[in-house]
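The values are calculated or read from the model by the stated rules, or taken from the named source; none is laboratory data. Note that this is a predicted model, so its numbers are computed, not measured. A quick note on method: Cβ atoms are made from the backbone with ideal geometry, for glycine too, and the neighbour counts reach across all protein chains shown. Protein only, heavy atoms only, side chains kept; ligands, DNA and RNA dropped before computing areas. Shrake-Rupley method; radii C 1.70, N 1.55, O 1.52, S 1.80 Å.
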Amino acid sequence: MSRTDAVTRILFESFSAAEVRLFYLLGYGAIAVFCYGVYVQIRKYRRGAALRLEGGVWARFGAMLRSVLSHRTIARRDAAAGGAHRLIFYGFVLLFAGTATITLEYDILEPLFGIRFWHGGFYLIFSLILDLAGVALIAGLLFMMYRRGWLRLPKLDYARPDRVPGDPDFDRPQYRREDWAFLWILLIIGATGFVLEGARLVWLQGRPEVWDTRWWSPIGALLAQGMRAMGLTEQGGAVLRHGLWWFHGLIALLLIALIPFTKVKHIFTAAASLMVRDPLAAQRLPRVPESQVEAGAAKITDFNWKQLLNLDACTKCGRCHEACPARAVGAPLSPRDVILSLREFAHATLESGVVPAAAELDIHGKGPGQVAMETLWSCRTCMACVEICPVAVEHVPIIVQMRRKLVEDGAMDPLLTKTLQTIHKTGNSFGESKRKRGAWSKALPFPVKDARKEPVDVLWFVGDYASFDPRNQKVSQVFASLLQEAGVDFGILYDGESNAGNDVRRVGEEGLYEVLATANVNAMSSASFKSVVTTDPHSFNTIRNEYPDFGGKFEIEHYTTLAKRLFTEGRLKVTNPLKYRVTFHDPCHLGRFNKGYDAPRDLLALLGCELVEMGRCKANSFCCGAGGGRIWVPDPVGAEKPAQNRMKEAASIAGLEVYVVSCPKDLTMFEDALKTTGNEGKFVVKELIELIREAVPARRTDEVAA
Amino acid sequence: MKILVAVKQVAALDEDFEMRDDGRDVEPDFLLRDLNEWDDFSLEEAVKIKEAPPAPAPAPAPVEVVVVSVGADEVDESLRKCLAKGADRALRVWDAAIEGSDSIAIARVLAAVAKREAPDMLFAGVQSSDQSFASTGIATAAFLGWPHAAVVSNLSYAPGAKSAVFRRELEGGLLHEVEIQCPAVLTIQLGINTPRYASLRSIKQAAAKPIEVLSLADLGLGSADVGEAGSLSRVRRMYVPDKGRAQLIAGDVAQQAARLAEIIKEFKGAAA
Ligand code: SF4
Ligand code: SF4
């Protein structure tokens, strides 16, 4: 044996043959338990409905790898947790890879092919890297313990807003125990690894190939020095090493065996979930196939395999819980708890050999694991949860699919029932005659073209609120004048237009949505235009992302991008720069849903406004509370409304003059919240269109007769 | 065990409507049609009885809910809504001769349907939201010679039972609790229950359930039984009355007050 050959990892030295056999036996046992667990999990997912994913596997794999390696999604809005997880992740991966390579050489390459690489310089460098990895792992774990134990982050509190204290699943202490057990097990594995290394060095201090290279394992070497200083002899080191070896090995095997049965499985489920993520999960809801009798999810097995996988991917990080506007105002909804409830339900029903009868698979209700209708109806489909989830859990389609079932059963607020009936009857949520849809344009000094009768460049899809709500009609009139002055050839569909259906779909009334979408697609298809514009982000979203599924592929933009272009092309000119101190509220459907963060801000800069951002802006914008059909259902009296919560945030900006919105529903919600929070007179709520009008005075003052 | 529910498709006025040339009705283009609001409640009441957990032995026969309406084929849309909400079958009676029937003639047709179907109960709405005669249901009972009650606001009825107990609201907050022998005709008041929502999908799926169309001959009736010939009343004209008067009183406050006092005196004088 040459000198470099001798420099290598000491494995089973001093173990009896029986001991080695026992270890292998236990190792295979752990792997068998692991495999069985994986089988049970996969069988559970396969009990869900079928789903075909779009897009290539490799592209998905690449995207997943980028998210995992960069930790981008974990570090967002929580850099400390991201950093600590990065340490744990990379520490763990390296240590695991190190152990795996030893197995590769010892059990496969060497016995079969006589190949050895685990010695000499390679071994020394690797042992240094592994020592550092161990330090990273332990540091990360200690921070996480500090975070859980001392920081008391509200998002890590498992108390549920949809249960009351005393309910068996109110705050789920078993989750807390599991969290701590996981941290401790990893910490013990890491720490014993180091002590083991030190003990081995003490034991083999007489061997120069071991002792002289000890500083390549700096932590182990330090520990060895310490142990020697405390009087540990070579024999003592041997005994300690032997005992610890077993201890360390057994815990590690235990961890492997437990992976599929505990939160440790997120190693796999989170990665898989990231791989099957749908970037349009909330923007484009799934269709109900013609052949499907029941609309929506009634039983746990009505979710598709990907959704069941999503449930298992959740790491209880609480970010969605923190971001949810419904939760923030005390509604009985936390997206995290919807996911965890359903996960518990799937665990209880779908992991045994046979699937229970349909009656036992009902996910609606107030029992353990079930989701109550009050919870589902509290959701504003604002997408804050989907957007922030680090592991690509897609809550919104899950919630909407469950609502579809409630709609089928008529289990909803009577006012919502009325609104849906009204929309079905009149094509709009205001219960106005179809014929009056274009009536707002009569107040203009010029006729607005009827796009059904003559070709136009730009088709303006007006939407319900901008057509019928008196306050928003004024904004529509201003926008029409601006288009006219900028020389845009535009028209509207008059009574050919129906409610776009975005919110009807998010309520869960899929049949009505189909009717509305088809009607609009037909009306739009028979008109002649180059592109579509809308002032309504809700219509914008569904036309852009969902109408293509109904055969309507139109080029559509929100008015903010069109207006910005009109300025850069010089067709609109700021002659009266505004010096307001403003803040901007990103509408969910423009911002988070369609990433339209920049155009409104660019416009505000063009107008000369000083923009002060609120804490929650852009992707983290806080829903006004009107989404998902909630604009049709009054919020509970007494409780804070999301819009009021938002107004208070805005009011904390010193010297704020204008709260700028760019969505008709926002205008309605926030003008109301301005009054109810007592901020009237301090600042005003305005539609961006109105600010444009101020900065670009009409050429003739009598032009807008409104 | 069968419950027959008589329903009507009512018309509501659209914006800027015009009258028909003969001046006896609104131009149909300006009418929005929907199921009569009261009928939503009477249908729900029947479906609730059907869905109630069956009473213990002797095992009652399953409940069948049949809806019937008199009208041309546009009525099918409303019938499909009823089917979506849980009715098992739908019947529609039509014949050109039925045009111009009043509520009594319609009741004669409904009574003929009831004889044919032989239900244990017949529900109708208290009234229709467009004509508001509030007579069709009770007139049907008269033709059938069945016990009847109007404006029922609470009902307890076990399918197959010989009688039912219902409550009606009377003046002064009194409640009237009545037992009635079956078969009977009840006209159902708003608010007796919470009508369910018929989702668009369920309406679409209900299209698969058949709507049986009956002619007068199927019911043993002739054209003299319906239309204006079979009616006791006839619409002479339908019109929008002249607008009420409104005037703006000009001048300063004292002048305005004086003029106002004058007007009040004028009206008092007219009333006296
Ligand atoms: S979509 Fe919005 S309201 Fe609904 S659960 Fe997610 S964060 Fe909450
Ligand atoms: S669903 Fe996602 S964001 Fe919410 S707690 Fe689970 S992992 Fe975190």
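Laid out as a table, the results:
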| item | result |
| --- | --- |
| Given charges at beta-carbon only (K, R positive; D, E negative), |dipole| of the range A:425-567 in Debye | 360 debye |
| Accessible area of chain A belonging to carbon and sulfur atoms, whole % at 1.4 Å probe | 62 percent |
| Per residue Cα convex hull volume in Å³ - calculated over the protein assembly as shown | 261 Å³ |
| Estimated FRET transfer efficiency (residue B:215, residue A:352; beta-carbon r; R0 56 Å; 0.05) | 0.40 |
| Gain on full stretching of the segment that runs from residue A:129 to residue A:579 - 0.36 nm per residue minus C-alpha separation | 156.2 nm |
| Highest average packing first - B:243-253, A:278-288, A:674-684, Cβ atoms within 10 Å | A:278-288, A:674-684, B:243-253 |
| Virtual paramagnetic centre 7 Å along Cα→Cβ of residue B:228, amide N under 20 Å, in the range B:1-43 | B:19-28 |
| Tail weight of P(r) past 25 Å, computed on alpha-carbon pairs of chain B, percent | 53 percent |
| At least 50 Å² of accessible area lost relative to the chain alone, listed for the range A:470-516 with a 1.4 Å probe | none |
| Ranking by accessible area, most exposed first, for A:662, B:101 with a 1.4 Å probe | B:101, A:662 |
| Summed residue charge, Cβ within 12 Å of residue A:99's Cβ, Lys/Arg positive, Asp/Glu negative | -1 |
| Solvent-accessible area per residue, Å², over the protein assembly as shown with all protein chains present [probe radius 1.4 Å] | 45 Å² |
| Local electrostatic count, residue A:304, Cβ distance below 12 Å [Lys/Arg +1, Asp/Glu -1] | +1 |
| Gain in span if fully extended, residue A:442 to residue A:100, counting 0.36 nm per residue against the direct Cα distance | 115.5 nm |
| Pairs beyond 31 Å (Cα-Cα), from A:530/A:665; A:453/B:85; A:366/A:425; A:425/A:595; A:449/A:573; A:442/B:204 | A:453/B:85; A:366/A:425; A:425/A:595; A:442/B:204 |
| Pairwise burial B:A, computed as accessible area of each alone minus the pair, summed, 1.4 Å, Å² | 1700 Å² |
| DSSP H segments from chain A that extend 20 Å or more along their own axis, Cα-based, with Kyte-Doolittle mean of 0.0 or above | A:17-46, A:79-103, A:120-146, A:173-203, A:234-258, A:335-350, A:510-525 |
| The range B:1-160, accessible surface, carbon-and-sulfur percent (1.4 angstrom probe) | 51 percent |
| Residues residue B:255 and residue B:179, FRET efficiency given R0 of 60 Å [Cβ-Cβ distance, rounded to 0.05] | 0.35 |
| Under 12 Å from the Cα of residue B:50 - aspartates and glutamates, other chains or at least 8 residues apart | B:64, B:88 |
| For peptides A:408-414, A:36-42, sequence by mean Cβ density within 10 Å, most packed first | A:408-414, A:36-42 |
| Peptide-level mean, for A:317-327, of C-beta atoms on other protein chains within 10 Å | 0 |
| Qualifying aspartates and glutamates (Cα of each under 16 Å from Cα of residue B:81; at least 8 residues distant if same chain) | A:408, A:409, A:509, B:34, B:37, B:39, B:40, B:44, B:45, B:73, B:212 |
| Amide H contacts under 5 Å for residue B:19, placed H, 5+ residues apart | B:27 |
| Over chain A: helical MRE at 222 nm, DSSP H runs n ≥ 4 each giving -39500 (n - 2.57), nearest 500 | -16000 deg cm²/dmol |
